[in-house]
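Student: Handing you a structure now.
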Amino acid sequence: MNDAVTIDREAAVRVAARPIATLPLSLTINGEARELQVEPWTTLLDLLRDKLDLTGTKKGCDHGQCGACTVLIDGRRINSCLKLAVSVDGAEITTIEGLGQPGELHPLQAAFIEHDAFQCGYCTPGQICSAQGLINEGHAKDRQDVREQMSGNLCRCGAYTNIADAVLEVMEKQA
Amino acid sequence: MIRFDYARPSDVAEAVRDGAGDHVAYLAGGTNLIDLMKENVARPLEVVDINRLPLARITDLDDGGLRLGALATNADTAYDERVQARYPLLASAILAGASPQLRNAATNGGNLNQRTRCYYFYDVDTPCNKRVPGQGCGAIGGVNRIHAILGASDRCIATHPSDMCVALAALKAQVQVTGLEGDRAIAFDDYHRLPGDEPWRDNNLKQGELVTAIDLPAEDFSTNYTYLKLRDRLSYAFALVSVAVAMRLEEGRIADVRIALGGVAHKPWRRIEAEEAIKNERPSDTVFDTAASALLAGAVGQGDNSFKIGLAHKAIVRALNQAAAGTPQSQTDKRIR
């Protein structure tokens, strides 16, 4: 991490020329135990979307700047685009698909509809996973706290006011 | 991202052996490294995942200080009851940075070792001496709103992006590291370095050395402190200028004070003479103006960032007033008082 970004091209070619070795990975995803094989450079986001067809989690910026890829790992919200899947071996992952289902909405999903807390909806799964993480953390007490602690989720439609209303309502009900 | 080999050692000695070669990167929270790898700025051929090492605890030290494990997350550190009670400056600085998602993943060791967010460093199609020695610096004479006004060189004007480290500098933390040659402790002021002729070196770690902990001294700065961060939006943005102040008042006079700046240099910026100049004085705008002038002496703007010199001066005076009054900046209510 501290040296110049020089590259040993011969070594890089040697590494690239080898057959791709996948690594075993055990995850519990939305309550279901999964035994997987992944390449070490696969991010948790790409694993969920491309290999497991859990496309509720969105890829926005892919650089940890927008929050659309937010999922819960052992109950804590993180950006899944910046996690190598192999590095969370053994963890319990919850995505938007694990929070609610059609006909059986999670209280946050219902509140987002009730408060008109989205327009295009692309950021919404990340917003809702993040809001569940916020509630789990228990550090927010009022609207100002909710606004600050939801700042890792961008909404380019600008539905922030209604998102804060929805999160605040569920937070206060669950308190 | 290029292909790499992956190792996941379970103890520190094994990790240090794995980390000894060329083109090796230690992976902790990944919030900066994975991003750099996606951009092909970091191209390790071996990634040593250190998340299984037993370095995530926060423990009391015998001398009354506190040891922050290198793998404790930024969130676990900021919300730790001992950190909140005894080192609120540190908690405040951590919570001023990034987003809750990032703080849940990012670790203390990783915070120290994160790299600059200079646009040119990140863009492999532009020249950067930090990325490729001798290539030139795109930021000098380029777009440089976020760049350094202090301690820069003609090779590099990048800034260190951390908020946490600014508080650690003011608290005079010590960084515990280990390597094949054994353990050593590095004073925080000596951990990061100025770019000089070797801008690719962000800090004074030797190749393969691993941060294991950050030690906080026992000194009490839990009453008169502040972390004041100024940025382009109210949350989830890097500092243009930030100020950490740790102060101790005795009978209305400044018995001890540390002032560290973020967003202005290649490392958290302290000057002992600026602190010494106001010791034993009574807090006042005039006194604080003296400290600000001493801390910013020799500051040079690059064009887009020249506003930082005046902004930093006012921010230092305001932060010293906040600390002296015992009214630290809230990281939720962003109004500056």
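Student: How about the stretch B:251-337: which helices (runs of 4 or more DSSP H) wholly inside it have at least 1 residues that are touching a Lys or Arg at 6+ places or on another chain (Cβ under 7 Å) and open to solvent by less than 20 Å² (accessible area, probe 1.4 Å)? Full working, then the answer.
Tutor: Numbers: elements: B:272-276, B:285-296, B:307-325.
Answer list for the stretch B:251-337: B:272-276, B:285-296.
Student: A further question follows. Among the listed residues B:LEU228, B:LEU240, which satisfies the condition of being in contact (Cβ under 8 Å) with a residue 24 or more places away in the chain and more than 16 Å from B:ALA325 (Cα to Cα)? Explain how you work it out, then say what you get.
Tutor: Values: B:LEU228 fails: more than 16 Å from B:ALA325 (Cα to Cα).
When all the criteria are applied, what remains is B:LEU240.
Student: Another question, if that's okay. Looking only at the stretch B:17-27, count how many residues are over 11 Å from B:GLN207 (Cβ atoms) and aliphatic (A, V, I, L, M). Spell out how you get there, then give the answer.
Tutor: Applying the first criterion (over 11 Å from B:GLN207 (Cβ atoms)) to the stretch B:17-27 yields B:17-18, B:25-27.
Next, only the ones that are aliphatic (A, V, I, L, M) stay: B:25, B:27.
The number of residues fulfilling the criteria is 2.
Condition check ((1) open to solvent by 10 Å² or more (accessible area, probe 1.4 Å); (2) among the polar types (S, T, N, Q); (3) not assigned by TED's automatic domain parsing to the domain that holds B:PRO268) across all residues:
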{"site": "B:ALA56", "(1), (2), (3)": "yes, no, yes"}
{"site": "B:ASP62", "(1), (2), (3)": "yes, no, yes"}
{"site": "B:ASP76", "(1), (2), (3)": "yes, no, yes"}
{"site": "B:ARG82", "(1), (2), (3)": "yes, no, yes"}
{"site": "B:LEU90", "(1), (2), (3)": "no, no, yes"}
{"site": "B:ALA98", "(1), (2), (3)": "yes, no, yes"}
{"site": "B:ASN113", "(1), (2), (3)": "yes, yes, yes"}
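Student: Let me ask you something else. Would you check if A:THR55 is open to solvent by less than 10 Å² (accessible area, probe 1.4 Å) and either aromatic (Phe, Trp, Tyr) or more than 8 Å from every other protein chain (Cβ to nearest Cβ) (or both)? Give the steps one after another, and end with the answer.
Tutor: Details: open to solvent by less than 10 Å² (accessible area, probe 1.4 Å): no; either aromatic (Phe, Trp, Tyr) or more than 8 Å from every other protein chain (Cβ to nearest Cβ) (or both): yes.
Considered against the rule, which asks whether it is open to solvent by less than 10 Å² (accessible area, probe 1.4 Å) and either aromatic (Phe, Trp, Tyr) or more than 8 Å from every other protein chain (Cβ to nearest Cβ) (or both), A:THR55 comes out as no.
Student: Oh, and also: Within the stretch B:127-161, take every residue that is within 14 Å of another protein chain (Cβ to nearest Cβ) and within 21 Å of B:GLY110 (Cβ to Cβ) and give me the one that is surrounded by the most Cβ atoms within 10 Å (Cβ to Cβ).
Tutor: Restricting attention to the stretch B:127-161, the residues satisfying the condition of being within 14 Å of another protein chain (Cβ to nearest Cβ) are B:127-137, B:155-156, B:158, B:160-161.
Remaining after also requiring within 21 Å of B:GLY110 (Cβ to Cβ): B:130-131, B:158, B:160-161.
Numbers: B:LYS130: 26, B:ARG131: 24, B:ALA158: 28, B:HIS160: 24, B:PRO161: 20.
Ranking the candidates gives B:ALA158 first.
Student: How many residues are more than 7 Å from chain A (Cβ to nearest Cβ) and surrounded by fewer than 20 Cβ atoms within 10 Å (Cβ to Cβ) when one looks only at the stretch B:1-19?
Tutor: Taking the stretch B:1-19 as the starting set, the residues that turn out to be more than 7 Å from chain A (Cβ to nearest Cβ) are B:7-19.
With the extra rule that they be surrounded by fewer than 20 Cβ atoms within 10 Å (Cβ to Cβ), the set shrinks to B:7, B:9-14, B:17.
Number of matching residues: 8.
Student: A follow-up question, please. When you go through (1) open to solvent by less than 60 Å² (accessible area, probe 1.4 Å); (2) touching a helix residue (DSSP H, G or I) at 6+ places or on another chain (Cβ under 6 Å); (3) outside the structural domain of A:THR55 (by TED's automatic domain parsing) one by one for A:CYS123, which number turns out not to apply?
Tutor: Going through the list (1) open to solvent by less than 60 Å² (accessible area, probe 1.4 Å); (2) touching a helix residue (DSSP H, G or I) at 6+ places or on another chain (Cβ under 6 Å); (3) outside the structural domain of A:THR55 (by TED's automatic domain parsing), A:CYS123 breaks only (2).
Student: Hey, can you tell me all the residues within the stretch B:46-99 that are within 19 Å of B:SER235 (Cβ to Cβ), within 13 Å of another protein chain (Cβ to nearest Cβ) and among the aliphatic types (A, V, I, L, M)?
Tutor: Across the stretch B:46-99, the qualifying residues are B:ALA75, B:ALA78, B:ALA91, B:ILE94, B:LEU95, B:ALA96, B:ALA98.
Student: Please note which helices (runs of 4 or more DSSP H) are completely contained in the stretch B:94-153 and include at least 1 residues that are over 16 Å from the mean Cα position of the chain (by Cα).
Tutor: Details: elements: B:100-105, B:108-113, B:119-122.
Correct list: B:100-105, B:119-122.
Student: Give me the residue from the stretch B:20-38 that is facing chain A (nearest Cβ under 8 Å) and open to solvent by 30 Å² or more (accessible area, probe 1.4 Å) and, out of that set, nearest to the chain's Cα centre (by Cα).
Tutor: Per the stated criteria, the residue is B:THR31.
Student: Oh, and also: State which residue is most open to solvent (accessible area, probe 1.4 Å) when the search covers only the stretch A:64-109 and only residues that are within 13 Å of chain B (Cβ to nearest Cβ) and more than 21 Å from A:VAL38 (Cα to Cα).
Tutor: A:GLN65
The values are calculated or read from the model by the stated rules, or taken from the named source; none is laboratory data. Note that the structure is a prediction, hence the values are computed from the model and not measured. Every residue, glycine among them, receives a Cβ derived from its backbone with ideal geometry; neighbour counts consider all protein chains shown. Side chains are part of the model used for accessible areas, which takes the heavy atoms of the whole protein and leaves out ligands, DNA and RNA. Shrake-Rupley method; radii C 1.70, N 1.55, O 1.52, S 1.80 Å.
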